[in-house]
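Below is one structure; the comments refer to it alone.
The values are calculated or read from the model by the stated rules, or taken from the named source; none is laboratory data. It should be emphasised that the depicted structure is a prediction, and the values quoted were computed from it without experimental measurement. Counting neighbours? That spans all protein chains shown, and the Cβs are built from the backbone with ideal geometry, glycine included. When the accessible area is computed, the model is the full protein with side chains, heavy atoms only, and any ligands, DNA or RNA have been set aside. Shrake-Rupley method; radii C 1.70, N 1.55, O 1.52, S 1.80 Å.
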Amino acid sequence: METTSRAGHPLPYDTYRQAVEQETLRFAEVVQGADPATAVPSCPGWTLAELTRHVGSLQRWFCTLLSGLVQERPRSRDVELGLPERVQEYADWVATGVPAVAAVLRATDPHAAMWAWGEDQHARFWARRMLFETLVHRVDAERAVGRESEIDPVLAADGVDEFLVNLPYAGVFAPAVAELRGTGETIAFQCADAAEGIGEAWLVRLETDGLRLVPRAGADGTPPEAQAVVRGRAADLLLLLYGRRSYKESAFDVSGEPPLLDTWFTHTAF
């Protein structure tokens, strides 16, 4: 069973399930034994303990949504967490939750209709969302403890797509996104992972009523031009979109209008 992204980058549902397990265990391994009071620079105001609680709590909430195939927006996020009293045990708490997460994902029909805050109103939305929520926070934890981060380029490209596909709907919890408007200005994000064969691109347009993803080719078959273009490796683009990097870094090849990019990143940070 496959879920197809708008950029034409399909991943099998089992890939999401397995990657969620792997990324969760990697996260737990990173924070295991680290000082829970360590600051997390990419999550201002958070410590490793707070980041770990967030990851474990959110996964349990996602699983509750999936188990019930909820059809309406929940009024509460309260779920049974089983959170340890000692913050030093949070890493184990996250890791011991993996079998339950895996079981829920295995038991869920990815094509089952259910509520989701994003574009795809099916259960597969939550598996994909859980993966990138966990993956990005794994990188946050690695940065906090001074580790280098590696991200699979195929997963990263799919994460870029997941972010951009769902961004127009994120205003429900990130109000600045709803204020991201324009008069037709366009921004292109391009993958440059030639060795992995990943050369995907996404084009977004700022319209008077919000942002839109634009088809990669116009009615005459030619790709529309962009006022600003950001090109980089898929992993770098993923972290850029999540506010973990700056487009001014040497990792990115940028052309076009910097003020347009500044407007984009000011309104899409969450």
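Listed values, structure above:
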{"quantity": "Selection status of GLY146, under 22 Å from ALA269 (Cα atoms) and modelled with pLDDT of 95 or more", "calculated": "no"}
{"quantity": "Cross-chain or 6+ apart pairs with Cβ under 7 Å, the stretch 125-151 first and open to solvent by 20 Å² or more (accessible area, probe 1.4 Å), then assigned to a loop (DSSP other than H, G, I, E, B) and of a type in the set (Phe, Trp, Tyr)", "calculated": "none"}
{"quantity": "Pairs with Cβ under 7 Å, 6+ apart, first in the stretch 16-41 and modelled with pLDDT of 95 or more, second basic (Lys, Arg)", "calculated": "TYR16/ARG128; ARG17/ARG106; GLU23/ARG138; ARG26/ARG138; PHE27/ARG138; VAL30/ARG138; VAL30/ARG147; PRO41/ARG143"}
{"quantity": "Flag for SER76 being surrounded by fewer than 20 Cβ atoms within 10 Å (Cβ to Cβ) and over 21 Å from ALA144 (Cα atoms)", "calculated": "yes"}
{"quantity": "In the stretch 42-59, the residues that are open to solvent by 30 Å² or more (accessible area, probe 1.4 Å) and free of Cβ contacts under 8 Å to residues at least 60 places away in the same chain", "calculated": "PRO44, GLY45, TRP46, THR47, GLU50, ARG53"}
{"quantity": "Output for the stretch 11-63, where each listed residue is under 12 Å from TRP93 (Cβ atoms) and touching a Pro at 6+ places or on another chain (Cβ under 6 Å)", "calculated": "ALA49"}
{"quantity": "The stretch 120-145, residues that are charged (D, E, K, R) and over 16 Å from ALA49 (Cα atoms)", "calculated": "ASP120, ARG124, ARG128, ARG129, GLU133"}
{"quantity": "Subset of the stretch 18-33 that is over 12 Å from GLY97 (Cα atoms) and not charged (D, E, K, R) - its residue that is most open to solvent (accessible area, probe 1.4 Å)", "calculated": "GLN22"}
{"quantity": "Hey, SER67 polar (S, T, N, Q) and either closer than 30 Å to ILE187 by Cα or part of a helix (DSSP H, G or I) (or both) or not", "calculated": "yes"}
{"quantity": "Residue check, ALA113 over 20 Å from GLN18 (Cα atoms), open to solvent by 10 Å² or more (accessible area, probe 1.4 Å) and in contact (Cβ under 8 Å) with a residue 24 or more places away in the chain", "calculated": "yes"}
{"quantity": "Some residue of the stretch 126-138 being touching a helix residue (DSSP H, G or I) at 6+ places or on another chain (Cβ under 9 Å), in a loop (DSSP other than H, G, I, E, B) and small (Gly, Ala, Ser)", "calculated": "no"}
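Every residue, every condition in (1) in contact with a Gly (Cβ under 9 Å, 6 or more places away or on another chain); (2) closer than 23 Å to LEU260 by Cβ, yes or no:
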{"position": "ARG147", "(1), (2)": "no, no"}
{"position": "LEU155", "(1), (2)": "no, no"}
{"position": "GLY171", "(1), (2)": "yes, yes"}
{"position": "PRO175", "(1), (2)": "no, yes"}
{"position": "GLU179", "(1), (2)": "yes, yes"}
{"position": "GLY182", "(1), (2)": "no, yes"}
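Let's see how each residue does on (1) farther than 30 Å from SER246 by Cα; (2) modelled with pLDDT under 95; (3) not in a helix (DSSP H, G or I):
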| position | (1), (2), (3) |
| --- | --- |
| GLY45 | no, no, yes |
| ARG53 | no, no, no |
| GLY56 | no, no, no |
| SER76 | yes, yes, yes |
| GLU85 | yes, yes, yes |
| GLU89 | yes, no, no |
